[in-house]
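Note sheet for the following structure.
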Amino acid sequence: MVDASISPAQSGRAAEVENVHWRIHPETFWVVGGVFGSGRSDLMATAAGLQRPARGVVKIFGDETFAIGEEMLVEHRRRIGLVFSNGGRLFNRLTIAENIALPIRYHRNWTEAEAEEPVRAILELTELLPFATQTPGMLSPNWQQRAALARALILQPEVLLLDKPLLGLDFRHQRWTLDFLSRLSAGGALYDGKKVTIVATTDNLQAWRAVGQQFALLKGKRWKELGGRAGLEASGALLNDVWADDI
């Protein structure tokens, strides 16, 4: 739950998004549109409990972030997967398999041998197994972004936040990502049929119209909920003048 104004990561600047009133219910698929500089990345970081709001309240699983102890906040963050854009901030000194294993080895204190089976399962699920021993710098941005997604999934989070996941991907990888997220939302094999709550940001709502369930816009430092697919169509947000003043 976000009931706050979102502050940019760079201190000393005014809040980028004012008065966000947002409830993310379990097993829903949200798509949030916005242009560059609209506050999409800061919204994702704030919703994940990584960044404080400028003012207001942000709750994760019913608990207010930064009002609870650090130990509980970390525990809540383990239940949330966050995928950054532009290559996903992978560690280039580690192989793809080692990058994916990092969260589970750190949070559960597993050995490399203990992490091997779940890492291999994720590699196979995301078609990354042929690249397991390569480093991120050896891969194209398409595969780097997929590796970042795989790393976010290794702990099987209940909520998956993706910041501009289609940015820079070619058509084939965009299609794969949309199909894969749709299956996760519906209850993919990774979760034994359990549905994952998903939030993705984008500058192209058109690409997500058949996948997303709830839609919103960040525009002019404001949060605007569009509702479901019918609301998206009615808003005109799929037209070429998507960022016109009357939307």
If neighbour count is taken as other Cβ atoms inside 10 Å, put 100, 60 in order from fewest to most.
60, 100
Cα convex hull of region 1-136 - mean projected area over all directions, nm²
10.0
Under the 7 Å Cα-to-Cβ spin-label approximation, residue 79 and residue 3 lie apart by a distance in nanometres of 1.9
Phi to ³J(HN,Hα) by Karplus 6.51 cos²θ - 1.76 cosθ + 1.60 over region 29-43, Hz, x for Gly, Pro
10, 9, 10, 10, x, x, 7, 4, x, 7, x, 4, 5, 5, 5
Subtracting the Cα-Cα distance from 0.36 nm times the residue separation, let me have the gained length for residue 191 to residue 213 in nm, one decimal.
5.9 nm
Convert each backbone phi in region 216-226 into a coupling constant with the Karplus relation 6.51 cos²θ - 1.76 cosθ + 1.60 (shift: θ = phi - 60°), then list the ³J(HN,Hα) values in order as whole Hz, x for Gly and Pro.
8, 10, 10, 8, x, 6, 10, 9, 10, 7, 9
Rounded to whole Hz, the Karplus (6.51, -1.76, 1.60) HN-Hα couplings of region 132-145, x for glycine and proline:
4, 9, 8, 8, x, x, 8, 9, 6, x, 4, 6, 4, 5
Using alpha carbons only, how many degrees (0 to 90, rounded to 10) separate the axis of helix 96-108 from the longest principal axis of the chain?
80
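Given the peptides 102-110, 123-131, arrange them by the average over their residues of other C-beta atoms within 10 Å, most packed first. Don't jump to the answer; show the numbers that get you there.
Numbers: 102-110: 14.6, 123-131: 16.3.
The peptides rank, most packed first, as 123-131, 102-110.
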Cut-off under 5 Å, modelled amide H: who pairs with residue 166 long-range:
none
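Packing-wise, with mean Cβ within 10 Å as the measure, how do 149-157, 17-25 rank, highest first?
149-157, 17-25
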Here FRET efficiency (C-beta to C-beta, residue 230 to residue 111, R₀ 45 Å, nearest 0.05) is 0.35
Amide H to amide H under 5 Å from residue 31: which residues, 5+ apart in sequence or cross-chain, H placed 1.01 Å off N in plane?
200, 213, 214, 215, 216
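Given a cut-off of under 8 Å on Cα pairs at least six residues apart, what relative contact order in percent is computed for the chain?
Answer for the chain is 27 percent.
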Here the relative contact order (percent) of region 1-124, from C-alpha pairs under 8 Å and at least 6 apart, is 20
Mean separation of Cα contacts under 8 Å (at least 6 apart) over the residue count of region 109-247, i.e. the relative contact order in percent, is 15
Going fewest to most other Cβ atoms within 10 Å around each Cβ, 112, 75, 158 line up as 112, 75, 158
Which lysines, on any chain, are close to residue 164 with Cα under 20 Å apart, when same-chain ones fewer than 8 places away are left out?
219, 221, 224
Tensor-based shape of region 119-247 (alpha-carbon gyration tensor, a/c under 1.5 rounded, otherwise prolate or oblate)
prolate
Would you work out which of 162, 6, 131 lies farthest towards the positive end of the dipole of the chain, given +1 charges on the beta-carbon of Lys and Arg and -1 on that of Asp and Glu, about the Cα centre?
6
For semi-axes √(5λ) of the Cα gyration tensor in Å, one of [x] 26, 21, 18; [y] 33, 20, 16; [z] 29, 22, 17 was computed from the structure I shared and the rest are decoys. Which label?
[z]
Taking placed amide H atoms and a strict 5 Å upper bound, the residues 5 or more places from residue 219 or on another chain that come that close are 224
Can you tell me which of 169-178, 47-56 comes out highest on packing, and rank the rest after it, using the mean Cβ neighbours within 10 Å?
47-56, 169-178
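Only the coordinates and a few stated rules stand behind these numbers; no lab work does. Keep in mind the model is a prediction, meaning the values are calculated, not measured. All Cβ positions, glycine included, derive from the backbone under ideal geometry; neighbour counts span all protein chains shown.
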